[in-house]
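Visitor: Have a look at this one before I ask anything.
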Amino acid sequence: VSRMPRLLVTGGAGFIGSAFVRHAVAQPDTHVTVLDRLTYAATRESLADLPGDRVELVVGDVADPAAVDPLVEAADAVVHFAAESHNDNSLADPSPFVTTNLVGTFTLLESVRRHATRYHHISTDEVYGDLELDDPERFTEHTAYRPSSPYSATKAGSDLLVRAWVRSFGVEATISNCSNNYGPWQHVEKFIPRQITTLLDGGRAKVYGTGANVRDWIHVDDHSSAVWEILQRGRVGETYLVGADGEQDNLHVVRMLLAILGRDEGDLEMVADRAGHDLRYAIDPTKLRDELGWRPRFSDLEAGLRDTVEWYAAHEDWWRPAKAATEAAYAARGQ
Ligand code: NAD
Ligand code: TDX
């Protein structure tokens, strides 16, 4: 039985937040209130099948104390997923990243401080900057912060606010920094859904730069199970890194998708690189495994990609409305 029956999940209508809501509602006696502003990235459909007496959606902004405070007061714990999440958007216009990621986190922290509410903060491995391709070290809880993009700088700043609120005000918080997620309901602007939907439309995959950049892929349901364990059994004040030993370079991922979709291995084009493009991310998840006994369930990236391709093929009604505008924005930047 959950130790925290009433959860407030911010950003619970987004890609990862909605996966976590499904995971939480599958546990006995858990009630979830989602606070989500329903930006372009939200997907109401991802919550549609969940029982109405267990999940409630409140439309509002995490940077608005009047929206946040009564919901925090009514909750046993807060899990904060809401964010502007896409690096390329943060290069085009950093402004909403500062408001949502920094002011939003500040607003929640002030509220959990007021009500002495348990808080879990969702963050990313991008706060650590990037690694060389041949660096034998991976990111750990002790790696220094060195963010590269406006997105990762605002995530880094929000993590540091959490740490300060723990130390200065005794807020009962934990932080998790996860690697790149893939799976159902991910917006078509992101790498894997963009390639899958472009290939389904008969187009060629679009690879930034040389395709040598490495990301450490984890299935979104494994991220959810890790967050659940940290919420239940994590030590307050601690940071946990979440990863599933899934390092692959982008070109390799594109080639796997081409093979799964029965396309020629040359059906790709190199497009303009991302400014400041991080070379490699890699997570050492030892602390999470040893301390909390967490293990990923999806260790085979190719099998996970196969399922994800099938899911996008079956959910064209959901992604189609966002596809043309997303591609138009990329095309305008030569990507
Ligand atoms: P997403 O963009 O798919 O979803 C974000 C959700 O937050 C959307 O539903 C959106 O409507 C909501 N939101 C945005 N601004 C808001 C505001 N001001 N008030 C209330 N709601 C707002 O993002 P995602 O990929 O699901 O990422 C979720 C979290 O996980 C983020 O904090 C992100 O930094 C972190 N993260 C993501 C990844 C990844 O690979 N996608 C990896 C590690 C960490
Ligand atoms: O069309 C593309 N072609 C391409 O080569 C796109 C959209 C991306 N890329 C590259 C850039 C990256 O090297 O693929 C890699 C993954 O790109 P994104 O999906 O944009 O993810 P990334 O920038 O790595 O950030 C993601 O993981 C960490 C999430 O979007 C963040 O929210 C999370 O913090």
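Throughout, read-outs are computed from the coordinates displayed, never taken from laboratory work. Remember, it's a predicted structure, so these values are computed and weren't measured experimentally. Glycine also receives a Cβ, built like all others from the backbone with ideal geometry; neighbour counts cover every protein chain displayed.
Visitor: If you plug each phi of region 91-97 into the Karplus form 6.51 cos²θ - 1.76 cosθ + 1.60 with θ = phi - 60°, what whole-Hz ³J(HN,Hα) values come out, in order, with x for Gly and Pro?
Guide: Those phi angles translate into 7, 6, 7, x, 3, x, 5 Hz.
Visitor: If I build a Gaussian network model for the chain, linking alpha-carbon pairs within less than 10 angstrom, which residue out of SER168, SER149, SER225 has the largest mean-square fluctuation?
Guide: So, out of SER168, SER149, SER225, the one fluctuating most is SER168.
Visitor: A follow-up question, please. First measure r as the distance between the Cβ atoms of GLU141 and ALA313, then evaluate 1/(1 + (r/R0)^6) with R0 = 30 Å and state the FRET efficiency to the nearest 0.05.
Guide: 0.15
Visitor: For the chain, what number of Lys pairs, 8 or more residues apart or on separate chains, have alpha-carbon atoms under 24 Å from each other?
Guide: Summing the qualifying lysine pairs gives 5.
Visitor: Taking only Cα atoms, what is the 0 to 90° angle, nearest 10, from helix 250-260's long axis to the longest principal axis of the chain?
Guide: Helix 250-260 sits roughly 70 degrees off the main axis of the chain.
Visitor: Next up: For THR286, project a label point 7 Å along Cα to C-beta. Then give me every residue of region 138-174 with its amide nitrogen under 20 Å of that point.
Guide: Under 20 Å, as judged by backbone N against the label point of THR286, lie 138-145 of region 138-174.
Visitor: Once you sort the root eigenvalues of the Cα gyration tensor of the chain as a ≥ b ≥ c, which label holds: rounded (a/c under 1.5), prolate (a/b larger than b/c) or oblate (the other case)?
Guide: prolate
Visitor: Starting from 0 in steps of 10 Å, tell me what percent of the Cα-Cα pairs of region 190-277 lands in each bin.
Guide: Answer for region 190-277: a P(r) of 15, 38, 26, 16, 6, 0 percent.
Visitor: Now a separate question. Through the Karplus equation 6.51 cos²θ - 1.76 cosθ + 1.60, θ set to phi - 60°, convert the phi angles of region 33-45 into ³J(HN,Hα) values in whole Hz; use x for Gly and Pro.
Guide: 9, 9, 10, 8, 7, 6, 6, 3, 8, 7, 9, 4, 4
Visitor: Between 0 and 90 degrees, rounded to the nearest ten: what's the tilt of helix 316-332 against the longest Cα principal axis of the chain?
Guide: The angle comes out at about 70 degrees.
Visitor: Ok, one more. Taking the Cβ-Cβ separation of ALA332 and ASP49 as r and a Förster radius of 41 Å, what is the calculated FRET efficiency to the nearest 0.05?
Guide: Efficiency computed from Cβ-Cβ geometry: 0.70.
Visitor: Using modelled amide H (1.01 Å from N, peptide plane; none on Pro or chain starts), what sits under 5 Å from the amide H of CYS178, excluding residues fewer than 5 places away?
Guide: Sorted by chain and number, the residues that satisfy this are SER123, THR124, ASP125, VAL242.
Visitor: Anyone know which of ARG215, ARG37, ARG274 comes out most mobile in the 10 Å Cα GNM of the chain?
Guide: Looking only at ARG215, ARG37, ARG274, the biggest GNM fluctuation is shown by ARG274.
Visitor: For ARG6 and ALA67, what does the FRET efficiency come to when R0 = 25 Å and r is the distance between their Cβ atoms, rounded to the nearest 0.05?
Guide: 0.90
Visitor: Here's something else I'd like to know. Take the chain, connect every pair of alpha-carbon atoms lying under 10 Å apart with a spring to form a Gaussian network, then pick out the residue of ASP273, ASP135, ASP284 with the largest mean-square fluctuation.
Guide: It is ASP135.
Visitor: Using the 10 angstrom Cβ neighbour count as an exposure proxy, how do TRP294, TRP185 rank, fewest first?
Guide: The most exposed by this proxy come first: TRP294, TRP185.
Visitor: Another question, if that's okay. Using Cα centres only, tell me the gap between region 124-192 and region 103-121 in whole Å.
Guide: 18
Visitor: Helix-derived [θ] at 222 nm for the chain: sum -39500 (n - 2.57) over DSSP H runs of at least 4, divide by residue count, nearest 500?
Guide: The per-residue figure over the chain is -12000 deg cm²/dmol.
Visitor: Angle between the Cα long axis of helix 104-115 and the longest principal axis of the chain, 0 to 90 degrees, nearest 10?
Guide: Long axis of 104-115 versus the principal axis of the chain: about 20 degrees.
Visitor: Would you kindly state how much longer the chain becomes between GLU265 and ALA325 on full extension, computed as 0.36 nm times their sequence separation minus their alpha carbon distance, in nm to one decimal?
Guide: Net length gain for the segment: 18.9 nm.
Visitor: Sticking with this one: Using modelled backbone amide H atoms (1.01 Å from N, in-plane), which distant-in-sequence or interchain residues come within less than 5 Å of LEU279's amide H?
Guide: LEU131
Visitor: Is region 51-142 best put as rounded, prolate or oblate by its Cα gyration tensor, with a ≥ b ≥ c the root eigenvalues, rounded for a/c under 1.5, and otherwise prolate when a/b is larger than b/c, oblate when not?
Guide: Cα axes put region 51-142 in the prolate bin.
Visitor: Starting from the amide H of LYS206, placed 1.01 Å from N in the peptide plane, find each other amide H under 5 Å away whose residue is 5 or more places distant or on another chain.
Guide: For LYS206, the qualifying residues are GLU269.
Visitor: When N counts the residues of region 230-317, how does its alpha-carbon radius of gyration compare numerically with 2.2 N^0.38 Å, as a ratio?
Guide: So the Cα radius of gyration is 1.44 times the expected 2.2 N^0.38 Å.
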